[in-house]
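A short write-up of the structure that comes next.
The values are calculated or read from the model by the stated rules, or taken from the named source; none is laboratory data. In this text the structure is predicted, and so the values were computed from the model without any measurement. So basically every Cβ, Gly included, is an ideal-geometry build from the backbone, and we count neighbours across all protein chains shown. Ligands, DNA and RNA are excluded from the accessible area calculation, which covers all protein heavy atoms including side chains. Shrake-Rupley method; radii C 1.70, N 1.55, O 1.52, S 1.80 Å.
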2 protein chains.
Amino acid sequence: MGIGDDAAVVRIGPWCLLAADTVVAGVHADLTLSGLDDLGWKAVAVNVSDIAAMGGTPAHLLVTVAGPPGTDLDLLYRGIGDAAQRWGCPVVGRDLVNAPVLVVTVAITGSLPGPPILRSGARAGDGIWVTGPLGLAAAGLRALKERGKGATGAAADAHRRPRPSVPAGLAARAAGASAMIDISDGLAADLGHLADASGVGLDLDAVPTAAGANQDDALTGGEDYVLAFTAADDGAVLTAFAALSRPIRIGTCLPDSGARLVLGRPFPSRRGWVHEWR
Amino acid sequence: MGIGDDAAVVRIGPWCLLAADTVVAGVHADLTLSGLDDLGWKAVAVNVSDIAAMGGTPAHLLVTVAGPPGTDLDLLYRGIGDAAQRWGCPVVGRDLVNAPVLVVTVAITGSLPGPPILRSGARAGDGIWVTGPLGLAAAGLRALKERGKGATGAAADAHRRPRPSVPAGLAARAAGASAMIDISDGLAADLGHLADASGVGLDLDAVPTAAGANQDDALTGGEDYVLAFTAADDGAVLTAFAALSRPIRIGTCLPDSGARLVLGRPFPSRRGWVHEWR
């Protein structure tokens, strides 16, 4: 049962993933560079990414919109609906209220085909992998700023319509991933969270950079929604990902939990994206 | 497992209730009349009310806060935490982002001890009940406007700290409730939703009014979070509620789905609270 009662009734469990993220117009999305449909898509995608990063499958969405009268809700909901359809997670509840600025919050449930893959499970000696090259969304934002809303191409698309990969998370699970996180705030910041939670150090010997992106984009740019994970067995990783695009081994977990090295140097001090509370 | 990973992992099901509601500072809460802790409490309470209105029990909360730097987050979270504790539903996930206005969204899960009690199950001939007198929150808002933030008493408290009753929803379930809804936007508006969903008419012969409230408060005031339900068997209702405060029979469902009568007259045209999108 879906929209229209006090709450939605869904079948799930016995274990269930829950997450929620908020997208604010002018903070997380510059509406002079992307559309309201893109904002709606992104609000769903960031939540799908959270579920993928636990090795789960998205199941249901709750969408709340606070915004000013005159907002093109049809366009916003079209982007939300497109994303819901892409990832097979229907919108089961909605709330719509007045506010002076557009704030879209999506909560998501996810099902788990096995134990959750936490940030805290990495062990010294584990390999570190990413499920794709990085920096494309940051390069896309730069392209949009330079060329305006009409900018086309993979980079601009990556910024406007991030595409987290649920199959990649499931493949990491099949590979015996010990820990996983999604790269939403930049590789350095998010791998730092994983290392902090796991009590391990990081020694990155590669920063795989998407075509059109530079190393800084890859290391500190945000919103790629690629997954990073750790695993003890390289062979199992390559086998599990055989049917998907090849994951990239970027380093090794160290026993010294204070170590944060990339290409032999300390992590950059500007660690990650700037959406956080300041 | 709770806060700190990409998603929370919770045990629930196989059936699960989901709801989400947003509270906007200046729209749903006048911060010159109530505190940030009250706003936090209310953001939880409105969601608890949605779960209670399905005959469920609140289980988990996801809290997202979008707001300007300088917001007293400790005070806000204190109110959220107090409410979470009162209703036994822990906060399992959080998101905090910058926005020019304070927007608090809470998503909630609920467990179901039996089938959900929908808005659509009322049948002609069913009695209509409310789980308490109405209008107290509207009277409280008036008191706060007249006497300012320092106003005390049950009415002001009812506005600042609404207290939906989960046991009342469970008692309605035990009584064989055929349909249920929470009175968040005024009795006339919300019973109208129930009647619309059920395809029945309404004949209200009583408008139980809280001490200090008038009939207009009771009929079109909002935010009481009392439950209204329909049931075929008056005896079962009185038995199920024996251990709680006595529910009040206020009318009967009619076969004519267009009928909306209160004390023999048509429903008031100003139907309910004014938080809705305009």
**Message:** Cβ-Cβ distance below 9 Å, separation of 6 or more or different chains: which pairs start in the stretch A:29-58 with a residue that is on the phi > 0 side of the Ramachandran plot and end on one that is surrounded by fewer than 24 Cβ atoms within 10 Å (Cβ to Cβ) and assigned to a loop (DSSP other than H, G, I, E, B)?
**Reply:** A:Gly55/A:Leu112; A:Gly55/A:Pro113; A:Gly55/A:Gly114; A:Gly55/A:Pro115; A:Gly55/A:Pro116
**Prompt:** Pick from the stretch A:144-161 the residues that are part of a helix (DSSP H, G or I) and free of Cβ contacts under 8 Å to residues at least 40 places away in the same chain: which of them is surrounded by the fewest Cβ atoms within 10 Å (Cβ to Cβ)?
**Reply:** A:Glu146
**Item:** Among (1) closer than 23 Å to A:Tyr77 by Cα; (2) within 14 Å of chain B (Cβ to nearest Cβ), the one test that A:Asp157 misses
**Value:** (2)
**Complete:** Checked the stretch A:1-54 for anything in contact with a helix residue (DSSP H, G or I) (Cβ under 8 Å, 6 or more places away or on another chain), farther than 27 Å from B:Pro58 by Cβ and within 11 Å of chain B (Cβ to nearest Cβ); matches are A:Ala25, A:His28, A:Ala52
**Message:** For the stretch B:44-85, give me each residue that is of a type in the set (S, T, N, Q), out of contact with any Lys or Arg (no Cβ under 9 Å at 6 or more places or on another chain) and surrounded by 24 or more Cβ atoms within 10 Å (Cβ to Cβ).
**Reply:** B:Asn47, B:Ser49
**Message:** One residue is enough: does the stretch A:66-77 have a residue meeting the conditions closer than 23 Å to B:Val92 by Cβ and in contact with a helix residue (DSSP H, G or I) (Cβ under 6 Å, 6 or more places away or on another chain)?
**Reply:** no
**Prompt:** Looking at the stretch B:130-143, which of the residues that are crowded, with 19+ Cβ neighbours inside 10 Å and under 15 Å from the mean Cα position of the chain (by Cα) is farthest from B:Arg161 (Cα to Cα)?
**Reply:** B:Val130
**Prompt:** Can you pull out the strands (runs of 3 or more DSSP E) entirely within the stretch B:162-271 that have at least 2 residues that are buried (at least 24 other Cβ atoms within 10 Å of the Cβ)?
**Reply:** B:179-183, B:226-231
**Item:** Leading residue by the ranking (nearest to A:Ile250 (Cα to Cα)) among those in the stretch A:102-128 that are facing chain B (nearest Cβ under 9 Å) and in contact with a Pro (Cβ under 9 Å, 6 or more places away or on another chain)
**Value:** A:Gly110
**Message:** Would you confirm whether or not the stretch A:109-119 contains a residue that is open to solvent by less than 30 Å² (accessible area, probe 1.4 Å), touching a His at 6+ places or on another chain (Cβ under 9 Å) and closer than 30 Å to B:His28 by Cβ?
**Reply:** yes
**Request:** With the checklist (1) on the phi > 0 side of the Ramachandran plot; (2) touching a helix residue (DSSP H, G or I) at 6+ places or on another chain (Cβ under 6 Å) in hand, flag the one item A:Ala155 doesn't pass.
**Result:** (1)
**Prompt:** Does the stretch B:183-191 include one or more residues that are over 28 Å from B:Gly40 (Cβ atoms) and touching a strand residue (DSSP E or B) at 6+ places or on another chain (Cβ under 8 Å)?
**Reply:** yes
**Prompt:** Can you name the residue in the stretch B:86-97 that is at pLDDT 95 or above and not hydrophobic (A, V, I, L, M, F, W, C) and is also surrounded by the fewest Cβ atoms within 10 Å (Cβ to Cβ) among such residues?
**Reply:** B:Gly88
**Request:** Considering every residue within the stretch A:62-73, establish whether at least one is free of Cβ contacts under 8 Å to residues at least 60 places away in the same chain, among the small types (Gly, Ala, Ser), in contact with a strand residue (DSSP E or B) (Cβ under 9 Å, 6 or more places away or on another chain) and at the interface with chain B (Cβ under 7 Å from one of its Cβ atoms).
**Result:** yes
